[in-house]
Structures are given as C-alpha cells and as structure tokens.
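First comes the structure, then the notes that go with it.
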Amino acid sequence: MNTQAGLLAEFLRLRVDESGKTLAVLSKQVGYSTSQLSTHLSGRIPPHDLVVGLIAATVPALLRERREAEAVRMLRDAQHPPRTAARSVVPAQVSAVSVARVQAEQIQVYERLTRALEQEGELRQAAENSARLVWVLLGMVNTLEDRVRQLSGERDRLIDRVAEGDAEAAQRRIGRAEEQKTTAESELARAREKQRQAEELADRLRQEIEALTDDLDRLRGDQSSPHDQLPTLAAASPGPGEERDAEADDIDAALARATAVNDQDTETIDRISTEITGNPPSVLQAQPLVPDNPLTSPDTTNKSAVQLKEDAEAAGERGDAPEAARLYGALAALSTAYFGPDHGDVLDNRAHHAYWVDEAGDPATARDLYTSVVTDSIRVLGPDHEDTLLRRHNHAYCTDAAGDPATARDLHADVVADCTRVLGPDHEHTLLSRQHHAYCTGKAGDPATARDLYTDVITDSSRALGPDHEHTLTNRHDHAYYVDAAGDPATARDLYADVITDRARVLGPDHPDTLTSRHDHAHCTGKAGDPATARDLYTGVVTDCTRVLGPDHEDTLLSRHNHAHYTDAAGDPATARDLHADVVTDCTRVLGPDHEDTLLSRHHHAYCTGKAGDPAAARDLYPDVITDSTRALGPDHEHTLASRKQFDHWAQEAAGA
C-alpha cells in the first residue's frame with residue numbers, strides 16, 4: 001500500500017463514519033460486497049466508480065461535488081505515486097514521510113475550511129431568519145396595540161351599558177392582549193439580538209475562512225486547490241411570516257411560532273459560538289421596544305405594515321386611488337423608517353405611492369415623489385435596471401400631466417435612448433416611451449415633428465406588437481390628431497376613419513377609445529369644410545356617448561357642445577342656440593360655473609342667440625360671460641377677449657336694429 005492510497009482510505013472511512021451507515025447498507029447502494037468494501041477501505045486502491053459511489057452515498061448534496069473532486073484527486077495520486085531514487089533508500093523514506101505529513105495537514109485544514117463554510121452558511125441563514133422575524137413581530141406589535149385600543153373602547157362602553165360581569169370579561173381580554181404585546185416585544189428584542197450575534201459570528205468566520213484558504217494554498221504549493229471549486233452555500237429558504245388572525249388564539253399561535261424560530265436560531269448560534277470560541281455568545285441587555293412616532297393622528301388606528309400593504313393593494317384593485325395613495329404613503333414611511341430608503345421593497349412602496357398620488361389627481365406631487373424615487377433607484381439598482389427605466393418613464397409622464405410638456409418631452413427622449421440600448425428598439429416599454437415622447441413633442445408646440453415621430457412609432461409597433469395591439473391603435477389615433485394640428489384636417493379625417501374601423505373591430509363600437517376616435521373624426525370632418533356631415537356624425541356620437549358613458553360624462557358634454565357648434569356652422573343657428581342652452585345648464589351643474597368648458601358654451605350660446613336674430617339678447621348675455629371669464633380665466637385669456645369682441649359686435653347690431 002502506498003502513502004496516497006492510505007490517505008484515500010482514511011478519507012473515505014471518515015466519510016462513512018460521518019454518514020452513520022453500515023457496510024451492509026453501503027453495499028446495496030454502491031454495488032460492492034461488504035468484504036470488497038472492507039478491503040478497499042483498509043488501503044487497497046479502489047476503482048473510480050466505487051470512489052464516486054461512496055461519496056454519493058455518504059456525503060450530503062451540498063458538499064458532494066467538492067468531496068468527490070478531492071477523492072478523485074487522491075485516487076489519481078494513489079494510482080500514480082511519485083517515483084523514488086533506488087540508490088538512496090533512507091532519503092526516500094524521509095521524503096515519503098514528509099509528503100504524508102503535508103498531505104495529512106492539508107486534509108486537516110481542508111476539513112476545518114469545510115466546517116467553517118458550513119457554519120457560515122448556518123449563521124447567514126439564522127441572520128436572515130431573524131431579520132424576517134423582526135419584520136413580522138413589528139407588524140404583530142402594531143396589531144396588538146390596535147387590539148388593546150379597540151378592546152379598551154369596548155370595555156368602556158360595556159361599563160356604561162351592561163352588567164359588571166361582561167365588563168370584567170372585557171378587562172380579561174385586554175389583559176391577555178397586553179401580555180401578548182409584551183411577549184411580542186420580548187421576542188422582537190430577541191430576534192434583533194440573534195440577528196446581531198449571527199452577523200457578528202459570520203463575519204468572524206469569514207476571516208477564519210480566508211486564513212484557512214491561505215494555509216491550504218501554502219500547503220499545496222503549485223498544485224490546484226480544491227477550495228477554488230467550493231460552491232457558495234445554498235440561499236436560505238423563506239422564513240416565518242405566516243398570516244395572522246386578529247383573534248387571541250391565533251395571536252398566541254403566531255407568538256409560539258416566533259418563539260420557536262428564536263429558540264432554533266439561539267441553539268444554532270450558541271452551538272457555533274461554542275465551537276469557535278469555547279463559550280456561548282455574550283448577550284446584550286435587551287432594550288424595551290420603543291415604538292416610532294405614530295404615522296397617523298392619535299385618533300386614528302395604526303395598522304401593521306402587512307395590513308397596510310394588503311389594504312393598499314385592495315384599494316388599488318377596486319380603483320380607490322385616494323385611499324391607495326394614502327395607504328401606500330403610510331407603508332412607504334413605515335418601511336423606510338425600518339429598512340431605510342434603499343431597500344428594494346421600500347423603493348417599490350415609494351413608486352406605488354407616487355403612482356396612486358397621480359391617479360388620485362395630483363400629478364405635480366407625484367412628479368416630485370418620482371424625482372426622489374428615480375434618484376435612489378439609479379443609485380441602488382443602476383440606471384439600466386428595468387424598474388429604474390419604468391420609474392423614469394412615469395416621472396416624465398407626471399411631469400407632462402403637471403403642465404410641463406417641454407420638460408417631459410426631454411425626459412422621455414432620454415428614456416427612449418436608454419430603453420432602446422438596454423431593452424431593444426422593439427420592446428414594449430421602448431415603444432411606449434417613444435409614443436409619449438411624440439405626444440409631449442406635439443403638446444410642447446411642435447405638431448409637425450410629433451406627426452413625423454408617430455409615423456415611425458406606428459411602423460415599429462405594428463411590426464413588433466401587431467397592427468391590432470392597443471398601443472398601435474393609440475399611436476394611429478394620436479398620429480391623426482397631430483396631422484390635424486399640423487394643418488391637414490382632411491388627411492386627419494381619413495386617418496380617423498380607418499382607426500374607427502379597426503378600433504370598432506378590435507375593441508368594440510362602444511369602447512371609450514372608439515367613441516373618442518369617432519368624436520375626433522367628426523371634428524376633422526367639420527374642419528375640412530363639411531359642417532353638415534360633421535353635425536350628422538356628432539348626432540350619432542352624442543347618442544352613443546350618452547348611452548355608454550352617461551349624459552354627465554365630460555366626453556358626452558364635449559360632443560354635445562361640438563354638435564351644437566356644427567349645427568350652427570351648417571346654417572341653423574336657432575337650433576344651435578337651443579342646444580347650447582342645454583349644454584350650458586348641464587355643464588354648470590356638472591363642471592361648475594367657472595369651468596372653462598362652461599364659459600365657452602355660454603359664449604357660443606350668446607353668439608348663436610345673436611345669429612338667430614336676437615342681437616339685443618346676445619348683447620345682454622355677454623356682460624355676465626365677460627365678468628365670469630375675467631375672474632376665472634383672466635382678462636387676457638383668449639375666451640375672455642373673444643367674448644368682449646362679440647359683446648361689442650352685438651351691441652352695435654342691437655343699436656342698429
């Protein structure tokens with residue numbers, strides 16, 4: 001038996017001992033008799049398949065790859081031992097002893113390194129368990145504070161209204177809830193301490209691992225080192241965080257689970273600390289949990305973070321934007337206070353808060369919120385991360401909605417460039433950013449450039465997304481809009497006609513987008529010189545909008561206004577006067593007397609009154625319109641100036657009559 005074979009046999013015997021399996025059990029698993037196993041484990045050079053089979057049968061999966069690599073290397077050394085010089089027997093014996101000593105030391109260091117890696121993995125998992133447990137217990141403490149507050153209110157009401165026994169029962173429930181809260185706070189302090197201990201020991205082990213790695217390199221010299229192939233230990237599986245019911249029994253069960261996790265982590269940390277230092281870890285004096293300043297007023301029940309998230313998501317799903325904005329704001333503040341502004345979940349919460357603030361009708365505040373989120377996302381995730389790109393897109397969108405299309409145009413241009421580079425020119429997000437860039441370009445006062453940008457976007461979205469995709473259809477609608485704005489209503493009319501056909505087929509004739517295209521088609525028909533056809537088209541649009549959207553919908557009111565306008569343009573000012581009168585009444589009720597659309601309808605009502613043959617009535621209607629427009633829109637607004645001009649005109653007409 002050569003020295004290398006002996007080392008291999010010792011290595012394999014150690015694996016068998018660690019597994020706790022008998023030779024009879026291993027014989028069935030590896031396909032060799034017990035006598036053959038005994039012979040090879042005594043120092044006879046084993047075949048390659050036996051070495052691999054023994055490693056597979058005795059070594060946990062986590063360490064199997066590196067154990068097998070070490071065993072195969074030792075087998076190769078045993079099969080090809082170094083030659084010794086025949087003329088110098090004593091030096092050869094000394095050399096063999098030296099080699100054996102070095103190799104034994106290598107194995108010892110390797111064993112220590114492997115154990116240190118295993119310990120580090122256990123500690124990292126314990127630290128992650130404790131971190132998740134801290135989050136759960138923070139929510140539980142908040143829930144129990146709410147429960148104590150609610151039960152106290154019920155007790156006070158019972159004292160005033162019912163028998164003393166019921167009040168005592170309520171007091172017992174309060175006492176139980178307070179005990180549960182104390183337990184939760186105690187477990188929270190334990191979890192925080194376990195997290196600190198685990199992280200501290202893991203850091204210490206990391207230093208030892210680096211030192212052992214250096215020792216192994218030194219002992220191996222120029223040979224390859226097995227630690228080069230050591231895999232990172234598997235990530236910890238998800239820890240506790242089960243859903244909790246507000247009832248006391250369920251809270252007890254949740255606390256029991258938290259205690260069990262803390263106990264398990266304590267055993268792990270104590271065991272590893274004793275293995276490393278000979279003593280269990282020192283424990284810092286637990287500090288009482290001091291709650292953060294309340295996120296809401298003292299009269300408002302605070303919610304746990306888990307409950308806040310569930311309620312915020314539910315509010316968003318049912319379309320309650322103000323409530324979703326409020327809840328996500330509270331969740332963002334709470335999670336930021338605990339995890340810090342750079343945590344991934346915190347960034348998500350802040351982005352959701354900004355989104356729902358915009359949906360609730362406050363794009364300026366949403367813009368400012370997105371500014372902060374984008375800055376932090378770029379720093380934490382990087383400028384090319386998909387979440388960062390999406391938040392930059394939303395920031396530009398809110399900038400436009402807040403009334404600054406020129407800045408939004410420039411922001412969208414940057415997003416388009418980066419999305420094209422990172423995601424590719426055909427990615428849906430890239431195409432959407434190009435769409436908004438074109439839209440803001442037109443809003444910023446350059447409809448011709450917007451028209452040309454939309455031409456390219458339509459080509460690419462039709463190819464990448466399909467001609468019937470909602471984004472492609474939207475791009476075609478907006479393209480027609482800017483063709484009209486660039487001075488070609490006749491071409492826009494024809495483009496709208498094609499969009500209506502496809503939207504009606506894909507979305508349905510009653511879809512709001514289809515109705516919008518029909519509205520704009522009628523408008524461009526009138527602008528192109530055919531007011532009678534425009535009037536007739538608007539008759540159908542008004543009927544369908546009233547049925548689908550309702551008579552008070554803003555789009556319905558606008559279609560009614562335009563229907564009246566083209567009725568006048570088609571030569572029937574008297575009917576237009578009466579239509580405008582009805583629109584004025586409904587706009588005043590729905591939008592308010594100072595809304596720009598209401599004032600515009602009052603202007604046109606007065607105008608058609610004069611055209612219908614009553615200049616004196618028109619003259620008398622305009623002073624009120626001028627007064628209200630001056631107050632609401634300003635004296636230099638185009639509508640105010642137009643009303644003043646028409647007042648002078650009808651005053652002269654009435655005087656001449």
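Structure summary
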read-out	value
Ala448 within 34 Å of the chain's Cα centre (by Cα), part of a helix (DSSP H, G or I) and among the small types (Gly, Ala, Ser)	no
Qualifying residue in region 292-307 (condition: surrounded by 11 or more Cβ atoms within 10 Å (Cβ to Cβ) and modelled with pLDDT of 80 or more)	yes
Filter result for the condition that a residue is touching a residue at least 24 places away in the same chain (Cβ under 8 Å), touching a Lys or Arg at 6+ places or on another chain (Cβ under 6 Å) and farther than 30 Å from Ala504 by Cβ, over Ala396, Ala444, Ala413	Ala444
Selection from region 490-516 of residues that are touching a helix residue (DSSP H, G or I) at 6+ places or on another chain (Cβ under 8 Å) and of a type in the set (Lys, Arg)	Arg493, Arg503
Breaking point among (1) touching a Lys or Arg at 6+ places or on another chain (Cβ under 8 Å); (2) of a type outside the set (Gly, Ala, Ser); (3) within 28 Å of Ala464 (Cβ to Cβ), for Val373	(3)
Number of the exception - Arg73 against (1) buried (at least 17 other Cβ atoms within 10 Å of the Cβ); (2) within 52 Å of the chain's Cα centre (by Cα)	(1)
Single condition Val422 does not satisfy, out of (1) within 26 Å of the chain's Cα centre (by Cα); (2) free of Cβ contacts under 8 Å to residues at least 40 places away in the same chain; (3) under 21 Å from Leu473 (Cα atoms)	(3)
Test: Tyr482 is surrounded by 18 or more Cβ atoms within 10 Å (Cβ to Cβ), farther than 16 Å from Asp513 by Cα and either among the aliphatic types (A, V, I, L, M) or in contact with a Pro (Cβ under 8 Å, 6 or more places away or on another chain) (or both)	yes
Yes/no for Thr588 being more than 47 Å from the chain's Cα centre (by Cα), of a type in the set (Ser, Thr, Tyr) and surrounded by fewer than 23 Cβ atoms within 10 Å (Cβ to Cβ)	no
Cβ pairs under 6 Å, 6+ apart, first in region 22-44 and within 25 Å of Asp77 (Cβ to Cβ), second of a type in the set (D, E, K, R)	Leu41/Arg13
Residue check for Ala632: of a type in the set (Gly, Ala, Ser) and surrounded by 15 or more Cβ atoms within 10 Å (Cβ to Cβ)	yes
Filtered residue count, region 441-459, keeping only those that are among the hydrophobic types (A, V, I, L, M, F, W, C) and closer than 18 Å to Thr472 by Cβ	4
Hits in region 335-355 - residues which are part of a helix (DSSP H, G or I), open to solvent by 30 Å² or more (accessible area, probe 1.4 Å) and farther than 13 Å from Tyr397 by Cα	Thr336, Ala337, Tyr338, Phe339, Gly344, Asp345, Asp348, Arg350, His352, His353
The one condition in (1) touching a helix residue (DSSP H, G or I) at 6+ places or on another chain (Cβ under 7 Å); (2) within 23 Å of Asp387 (Cα to Cα); (3) not small (Gly, Ala, Ser) that Arg421 fails to fulfil	(1)
Residue count, region 505-552 (criterion: of a type in the set (S, T, N, Q) and open to solvent by 60 Å² or more (accessible area, probe 1.4 Å))	2
Test: residue in region 379-395 that is more than 24 Å from the chain's Cα centre (by Cα) and modelled with pLDDT of 95 or more	no
Given (1) surrounded by fewer than 24 Cβ atoms within 10 Å (Cβ to Cβ); (2) at pLDDT 95 or above, number of the condition Leu465 does not satisfy	(2)
Residue that is on the phi > 0 side of the Ramachandran plot, in contact (Cβ under 8 Å) with a residue 40 or more places away in the chain and open to solvent by 20 Å² or more (accessible area, probe 1.4 Å), where the choices are Gly361, Gly319	Gly361
Region 605-657 - residue that is within 15 Å of Ala574 (Cα to Cα) and charged (D, E, K, R) and, of those, farthest from the chain's Cα centre (by Cα)	Asp614
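Rundown of residues vs (1) touching a Ser or Thr at 6+ places or on another chain (Cβ under 7 Å); (2) closer than 27 Å to Ala490 by Cα, yes/no style:
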{"position": "His521", "(1), (2)": "no, yes"}
{"position": "Gly529", "(1), (2)": "no, yes"}
{"position": "Thr543", "(1), (2)": "no, yes"}
{"position": "Val548", "(1), (2)": "no, no"}
{"position": "His565", "(1), (2)": "no, yes"}
{"position": "Val583", "(1), (2)": "yes, no"}
{"position": "Val590", "(1), (2)": "no, no"}
{"position": "His604", "(1), (2)": "no, yes"}
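One line per residue, one yes/no per condition, for (1) small (Gly, Ala, Ser); (2) more than 20 Å from Ser559 (Cα to Cα); (3) open to solvent by 40 Å² or more (accessible area, probe 1.4 Å); (4) at pLDDT below 95:
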residue: Asp572; (1), (2), (3), (4): no, no, yes, no
residue: Leu579; (1), (2), (3), (4): no, no, yes, no
residue: His595; (1), (2), (3), (4): no, no, yes, yes
residue: Asp636; (1), (2), (3), (4): no, yes, yes, yes
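Each row is one residue, and each column tells you yes or no for (1) of a type outside the set (A, V, I, L, M, F, W, C); (2) open to solvent by 20 Å² or more (accessible area, probe 1.4 Å); (3) part of a helix (DSSP H, G or I).
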| position | (1), (2), (3) |
| --- | --- |
| Leu331 | no, no, yes |
| Val357 | no, no, yes |
| Asp368 | yes, yes, yes |
| Val373 | no, no, yes |
| Ile378 | no, yes, yes |
| Arg392 | yes, yes, yes |
| Ala413 | no, yes, yes |
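The values are calculated or read from the model by the stated rules, or taken from the named source; none is laboratory data. Remember, it's a predicted structure, so these values are computed and weren't measured experimentally. All Cβ positions, even for glycine, are placed from backbone atoms using ideal geometry, and neighbour counts span all protein chains on display. What goes into the accessible areas is simple: the full protein's heavy atoms, side chains included, and nothing from ligands, DNA or RNA. Shrake-Rupley method; radii C 1.70, N 1.55, O 1.52, S 1.80 Å.
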